[in-house]
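The structure follows.
What follows draws every value from the coordinates through simple rules; no lab data is involved. Computed from a predicted model, the values in this text were never measured in an experiment. Cβ placement follows ideal geometry from the backbone for every residue including glycine, while neighbour counts extend to all protein chains displayed.
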Amino acid sequence: MFSKKNRAEVRHEKHRRLRRYMQGTPERPRMAVFRSNQHMYVQLIDDTKGHTLLSASTLQKEIGLEKTNDVEAARTLGEYIGKKAVEAGYKEVIFDRGGFVYHGKIQALADAAREAGLDF
């Protein structure tokens, strides 16, 4: 018989496959995105050292969101992390969607980060 996998298991498998080819460096960090049912989180990661260089989430007060898990919140988070990354000197990143479908919130976050000055 075939085993039935839930959405989270499928996402983890996709992410594992994607991570074989993605490696963040100090010059071009990996921009990892995670979304839960309530919030979104973004990190810029240097995989050679295993360090998080920058991070942002919808939990942060300075972003000033009323709703924390809709397309507008994702767009605001993308603008915030994009500006923060450019200020820190990171122009290019590798976009790691974390196995999530590139649609809706993930796409809005990526587009906003590109508009803020990041290149991926």
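Which shape class applies to the stretch 22-115: rounded if a/c is under 1.5, otherwise prolate when a/b exceeds b/c and oblate if not, where a ≥ b ≥ c are the square roots of the Cα gyration tensor eigenvalues?
The shape class here is prolate.
Also, I was wondering about something else. Report, by chain and number, residues whose modeled amide H sits under 5 Å from the one on T58, excluding near sequence neighbours (fewer than 5 apart, same chain).
Sorted by chain and number, the residues that satisfy this are M40.
Next question. How would you rank 62-70, 28-36, 97-105, highest first, on the average number of other Cβ atoms within 10 Å across their residues?
Peptide ranking by packing, descending: 28-36, 97-105, 62-70.
Based on alpha-carbon centroids, what's the gap between the stretch 79-120 and the stretch 1-27 in Å, whole number please?
Taking the Cα centre of the stretch 1-27 as reference, the centre of the stretch 79-120 is 19 Å away.
Please report the net charge: other residues with Cβ closer than 12 Å to the Cβ of I106, K and R +1, D and E -1.
Local net charge: +3.
Does anything in the stretch 54-82 have its amide N under 16 Å from the 7 Å Cα→Cβ label point of L18, and if so which residues?
78
Given labels modelled 7 Å from the Cα in the Cβ direction, how far is it in nm from D70 to V10?
So the label points at D70 and V10 sit 2.7 nm apart.
Kirkwood hydrodynamic radius, the stretch 12-54, all distinct C-alpha pairs: what's the number in Å?
Hydrodynamic radius (Kirkwood, Cα pairs) of the stretch 12-54 is 11.1 Å.
How about K84: which lysines have a C-alpha closer than 17 Å to its C-alpha, ignoring those fewer than 8 places off in the same chain?
Within the straight-line limit of under 17 Å, K84 reaches these lysines: K61.
While we're looking at this one, here's another question. Once you have the Cα-Cα distance between E92 and E27, take 0.36 nm times their residue separation minus that, and quote the gain in nm to one decimal.
Working it through step by step, the gained length comes to 22.6 nm.
May I pose another question? Please enumerate, by chain and number, the lysines with C-alpha under 16 Å from the C-alpha of K67, excluding those fewer than 8 residues away in the same chain.
Filter leaves K105.
So if I place +1 on the C-beta of Lys and Arg and -1 on the C-beta of Asp and Glu, and nothing else carries charge, what would the dipole magnitude of the chain be about its Cα centre? I want it in debye, nearest 20.
680 debye
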